[in-house]
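A.B. asks: My structure is below; once you've seen it, I'll send some questions.
The values are calculated or read from the model by the stated rules, or taken from the named source; none is laboratory data. Bear in mind the structure is a predicted one, so any value in this text is a computation, not a measurement. Every residue, glycine as well, gets a Cβ built from its backbone with ideal geometry; the counts of neighbours run over all protein chains shown. Keep in mind that these areas ignore ligands, DNA and RNA; they rest on the heavy atoms of the full protein, side chains included. Shrake-Rupley method; radii C 1.70, N 1.55, O 1.52, S 1.80 Å.
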Amino acid sequence: MPAPVITATDLTKTYGDFAAVDGISFEVAPGESFGLLGPNGAGKSTTMRMVGAVSTRTSGSLRILDLDPDDSGPEIRAQLGVVPQADNLDLELRARDNLLVYGRYFGIPRKVVHRRADELLAFAQLEDRAKAKVDDLSGGMKRRLTIARALINDPRILLLDEPTTGLDPQARHILWDRLFRLKEQGTTLVLTTHYMDEAEQLCDRLVVVDKGAIMAEGSPADLIRRYSSREVLEVRFGSDRNEAVAERLAGTGDRIEVLPDRVLIYSANGEAVLTRITEQGLHPLTSLVRRSSLEDVFLRLTGRSLIE
Amino acid sequence: MSGPLRRGTGTPFATDPAVSDAAGGSAQARAAIAAGSRPRRFGAWYVTEHRLRGMASYRGTIIATGIGNPLVYLFALGVGLATLVDRNLDGSSVGDVGYLAFVAPALLATAAVTIASEEFTYPIFGGFKWNPIFFAINAAPISPRQIVDGQLLAVLFRMLPSCVVYYLVMLVFGAVPSMLGWLSILAAVATGMAVGAVLMSYTATLQTDTGQIAMLMRFGLTPMFLFSGTFFPLSQLPVGLQWIGWISPLWHGTELGRVFSYGHAEPLWLTVLHVAYLSAWLVVGWLVSRRVATRRLNK
Ligand SMILES: Nc1ncnc2c1ncn2[C@@H]1O[C@H](COP(=O)(O)OP(=O)(O)O)[C@@H](O)[C@H]1O
Ligand SMILES: [Mg+2]
């Protein structure tokens, strides 16, 4: 097995006496697409800033590309591409100039930067926006430009902190497509997200994080197999009745989760469960059978939903 | 596949033999160390390039004020007001020179401080806040110290030519009696950078701007412009107010400029003190800015 590009052991970051990241350990192999899935405040961004060698850890050990970020920050960052949670493009410069200026920070000769800027604008599907003011770009375009900027140094690892949060569905799909291309080309991706569909689409392997700690680790399929059933039946009886009806549903599936607006029944065969329920004389207002997702894994692990 | 889609293989410098020899460790560590060597050496200069490119977007304003200000001020104060002052006071209260020669080095130093007050306030606060490029730069292999150094260098690149232009206009107005007059350009730039470095050490700490910068201008810089022996000698102020001049870097810079531009008579120790005082502001402002930036970017 090739040497990992990132090795974190008991990585911890505290602010005052609050542990934003509380002893997490993981490894990322070269070429792998690795995710941190967790709700807001889980410590994803804090972890990413430590991996990005800009935030110093409180304790634990961290090696990126076989170097310690405490000693070799600039050397590590020279080989990273970083897409932060909030875009920080230079609003005073035009789109292409953002790439040119940024490329210089890696000591790349001017001529090379110019060529790469054009290639990356094409990759980000922004060729016709090269001269646009950053402020005039849409959210999705800004995000793609930020990704293009992160690729200017041909990084060995690309760090993406919530790459599609706040984008509309169409913009997300364009972005996923670009990231998928990078993944196919063997770029090592490390990304955080609180969208389970994003994690399922892009991650070979992920850790589920909550309150600064890792709850589970594996491939998306693996985690679903381990922590959930194959299918889920979602039934709604009306907000005030869900709780009461749930008691009568006990035993119809492998496991039941009662949410404020609906009841989830986990089983290998959702349709069969629905038939059984109706035979008991229960008639849900709506019902839906779907495959288990990482959302269900998270619910199982923490008793809470990923989003809100 | 084309360039951007290729898997990362390091930068064009990964094979620099001098660097890879120096580094032990694995191939990936060696590649990283090689890639980091140029940013470590030239990082501050890259930041300077970036900032100058940003300034280029208000190049028009820079050029217009750079030429317009000395023309307007020297004409209004140096020629207009000077006629009045010289006639009434017989020049005695401002030393042995005319009012124009007296006020010109002060205006020059003031121009430098004005540039500092533009470039080290909102652009620095903004770089951390509403256009947070400092975080982006720090995510590249550039340290917070290099970011600070780059800001200082970039402003120096704007301030020095502006002061040279100012000085040339002073020459045209016949406001520089001494052959050593050109040294007043250095006095002005030193003053501007000294004030600028200290301004930056403060604006870099601001988390929100709820009018602090405007207050600073109104209650810090404006009194400094008025009471630093700029338009009249400090000795004209009531003794109780003269301390404003003594602590003001602008007073020290102005007096230093006068020594050069018309041989203003003062004891040598005082001239040395001007230089030392301005140096202290510059060095303290610079080091504190570096510290503040490091804390803020790497927390
Ligand atoms: N600079 C900071 N000072 C104090 N607390 C912080 C700081 N940065 C993050 N935190 C706290 O640490 C926790 C984790 O934050 P973050 O890593 O941003 O989470 P996520 O990215 O998963 O939403 C949050 O509770 C946040 O308020
Ligand atoms: Mg975050």
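A.B. asks: Taking 30 Å² as the minimum loss, tell me which residues in region A:148-171 lose that much accessible area going from the chain by itself to the full protein complex (1.4 Å probe).
C.D. replies: With the partner chains in place, region A:148-171 has these residues losing at least 30 Å²: A:Asp154, A:Arg156.
A.B. asks: Connecting C-alpha atoms closer than 10 Å in a GNM of chain A, tell me which of A:Asn98, A:Asn88, A:Asn40 has the biggest fluctuation.
C.D. replies: A:Asn88
A.B. asks: Quick check for you: with a 1.4 Å probe and neighbouring chains kept, what is the accessible area per residue of region A:239-308, in Å²?
C.D. replies: With all protein chains present, region A:239-308 gives 56 Å² per residue.
A.B. asks: Among DSSP beta bridges whose residues both lie in the protein assembly as shown, state the antiparallel percentage, nearest 5. It would help to have the intermediate numbers written out before the result.
C.D. replies: Details: 35 of 53 bridges.
Rounded to the nearest five, the antiparallel share is 65 percent.
A.B. asks: May I ask you to derive the relative contact order of chain A, considering only C-alpha pairs under 8 Å and at least 6 residues apart, and to give it as an integer percent?
C.D. replies: That works out to 20 percent.
A.B. asks: Using a probe of 1.4 angstrom, how much of the accessible area of region B:98-145 is carbon and sulfur, in percent? List each step's numbers first, then the result.
C.D. replies: On the way: 700 of 1050 Å².
So the carbon and sulfur contribution to the accessible surface is 67 percent.
A.B. asks: Calculate for the protein assembly as shown the 222 nm mean residue ellipticity that helices alone would give, adding -39,500 (n - 2.57) per DSSP H run of length 4 or more and normalising by residue count, nearest 500 deg cm²/dmol.
C.D. replies: Dividing the helical sum by the residues of the protein assembly as shown leaves -16500 deg cm²/dmol.
A.B. asks: Now for a separate question. Provide, for q = 0.08, 0.09, 0.10 Å⁻¹, the log10 of I(q)/I(0) from a solvent-free Debye sum over equal Cα point scatterers in the protein assembly as shown.
C.D. replies: Result of the Debye calculation: -0.69, -0.81, -0.92.
A.B. asks: Taking amide H positions as placed 1.01 Å from N in the peptide plane, with prolines and chain starts having none, which residues 5 or more places from B:His264, or on another chain, fall under 5 Å of its amide H?
C.D. replies: Hits under the 5 Å cutoff: B:Val259.
A.B. asks: Still on this structure: Give a residue-ordered list of calculated ³J(HN,Hα) values for region A:206-223 (Karplus: 6.51 cos²θ - 1.76 cosθ + 1.60, θ = phi - 60°; whole Hz; x for Gly, Pro).
C.D. replies: Working through the residues one at a time gives 8, 10, 8, 10, 8, 6, x, 10, 7, 8, 6, 9, x, 6, x, 5, 4, 5 Hz.
A.B. asks: I've got another one for you. Per residue, what volume in Å³ does the Cα convex hull of chain B take up?
C.D. replies: Each residue corresponds to 177 Å³ of Cα convex hull volume.
A.B. asks: Return the long-range amide H neighbours of A:Leu67 (sequence gap of 5 or more, or a different chain), with a cut-off of under 5 Å between placed amide H atoms.
C.D. replies: Sorted by chain and number, the residues that satisfy this come to none at all.
A.B. asks: A follow-up question, please. With no solvent and one point per C-alpha, what does the Debye sum give as log10 I(q)/I(0) for chain A at q = 0.12, 0.14 Å⁻¹?
C.D. replies: For chain A, the Cα-only Debye profile gives -0.85, -1.04.
A.B. asks: Here is a follow-up. Taking loop as defined by DSSP and a crowding limit of 15 other beta carbons within 10 Å, which trypsin sites (Lys or Arg not before Pro) in region A:56-158 fit?
C.D. replies: Sites meeting the loop and neighbour criteria: A:Lys131.
A.B. asks: Leaving out ligands and nucleic acids, and using a 1.4 Å probe, what accessible area per residue does chain B come to in Å²?
C.D. replies: So chain B comes to 45 Å² accessible per residue, rounded to a whole number.
A.B. asks: A further question on this structure: For the cross-link pairs A:Lys13/B:Lys129; A:Lys133/A:Lys183; A:Lys111/A:Lys183; B:Lys129/B:Lys299; A:Lys13/B:Lys299; A:Lys13/A:Lys211, which exceed 19 Å when the distance is taken from alpha carbon to alpha carbon?
C.D. replies: Where the Cα-Cα span goes over 19 Å, the pairs concerned are A:Lys13/B:Lys129; A:Lys133/A:Lys183; A:Lys111/A:Lys183.
A.B. asks: Give me a comma-separated list of calculated 3J(HN,Hα) values for region B:121-132, in order, Karplus coefficients 6.51, -1.76, 1.60 applied at θ = phi - 60°, integers in Hz, x for any Gly or Pro.
C.D. replies: 9, 4, x, 6, 4, x, x, 9, 10, 8, 9, x
A.B. asks: Can you list the HN-Hα couplings for region B:101-107, worked out from phi with the Karplus curve (6.51, -1.76, 1.60; θ = phi - 60°), rounded to whole Hz and with x for Gly and Pro?
C.D. replies: Listing the rounded values in order: 5, 5, 7, 4, x, 5, 5 Hz.
A.B. asks: Taking Rh as the Kirkwood radius, which is the inverse of the mean 1/r over Cα pairs, what is the Rg/Rh value for region A:1-98?
C.D. replies: 1.00
A.B. asks: Chains A and B: what accessible area do they bury, summed, in square angstrom to the nearest 100, with a 1.4 Å probe?
C.D. replies: Using a 1.4 Å probe, the pair buries roughly 4300 Å².
A.B. asks: Most fluctuating residue of A:His283, A:His173, A:His194 in a GNM of chain A with Cα springs under 10 Å: which is it?
C.D. replies: Per the Cα network of chain A with a 10 Å cutoff, A:His283 tops the list.
A.B. asks: Suppose we keep just the DSSP beta bridges with both residues in region A:6-218; what percent of those would be antiparallel, to 5?
C.D. replies: Here the share of antiparallel DSSP bridges comes out near 55 percent.
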